[in-house]
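> Dropping a structure here in structure tokens format, bear with me for questions.
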């Protein structure tokens, strides 16, 4: 692995690990019921955001780059009336992030440039979608922080 590719892999894997750690930190104080509660009719629960991020990573990186065979049911990520337990949802998320980090480590310099296409994105190559998915996690971390504040007020 050349130096730039090594640096890129280290930085990207580090960002995914940091995002995972932050989501775990934010989820820790939430009781099972709070994890799945939608405090606003127009928003999502913390748990459904975890399911959504899990599906996002498993589809865009798992199915498309790592060729895991994952089939996404995006709508269910937000509407599942019988979701897994908080613990199981977080374990599934852990596994998705671990898969992403392994996929990142397995990319060669030329792999990052490979053409990329998937339903729901216009990313041009593997590097583009990998950065996009990390940014997507950051976006939802902001929502998760806000949800935590809402439960602190109660």
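> Test of understanding: among 135, 96, which residue is without any contact (Cβ under 8 Å) to a residue 12 or more places away in the chain, within 18 Å of the chain's Cα centre (by Cα) and either exposed (fewer than 12 other Cβ atoms within 10 Å of the Cβ) or under 23 Å from residue 26 (Cβ atoms) (or both)?
Of 135, 96, the one residue that is without any contact (Cβ under 8 Å) to a residue 12 or more places away in the chain, within 18 Å of the chain's Cα centre (by Cα) and either exposed (fewer than 12 other Cβ atoms within 10 Å of the Cβ) or under 23 Å from residue 26 (Cβ atoms) (or both) is 135.
> Another question, then. Which residue pairs have Cβ atoms closer than 6 Å, lie 6 or more positions apart in sequence or on different chains, and pair a first residue in the stretch 16-33 that is under 13 Å from residue 96 (Cα atoms) with a second residue that is at pLDDT 95 or above and surrounded by 14 or more Cβ atoms within 10 Å (Cβ to Cβ)?
Final answer for the pair search is 16/97; 16/100; 16/101; 19/137; 20/97.
> Could you pull out every one of the helices (runs of 4 or more DSSP H) wholly within the stretch 22-92 that has 1 or more residues that are at pLDDT 95 or above, in contact with a helix residue (DSSP H, G or I) (Cβ under 9 Å, 6 or more places away or on another chain) and farther than 30 Å from residue 127 by Cβ?
Helices (runs of 4 or more DSSP H) meeting the threshold: 32-36, 46-57.
> Something else about it: Being surrounded by 14 or more Cβ atoms within 10 Å (Cβ to Cβ) and within 15 Å of the chain's Cα centre (by Cα): is that true of residue 51 here?
yes
> Another question, if that's okay. Hey, does the stretch 106-117 have a residue that's over 17 Å from residue 77 (Cβ atoms), under 18 Å from the mean Cα position of the chain (by Cα) and part of a helix (DSSP H, G or I)?
No - not one qualifying residue is present in the stretch 106-117.
The values are calculated or read from the model by the stated rules, or taken from the named source; none is laboratory data. Nothing here was measured: the structure is a model prediction, and the numbers come from that model. FYI the Cβ positions are ideal-geometry reconstructions off the backbone, even for glycines, and counts take in every protein chain you see.
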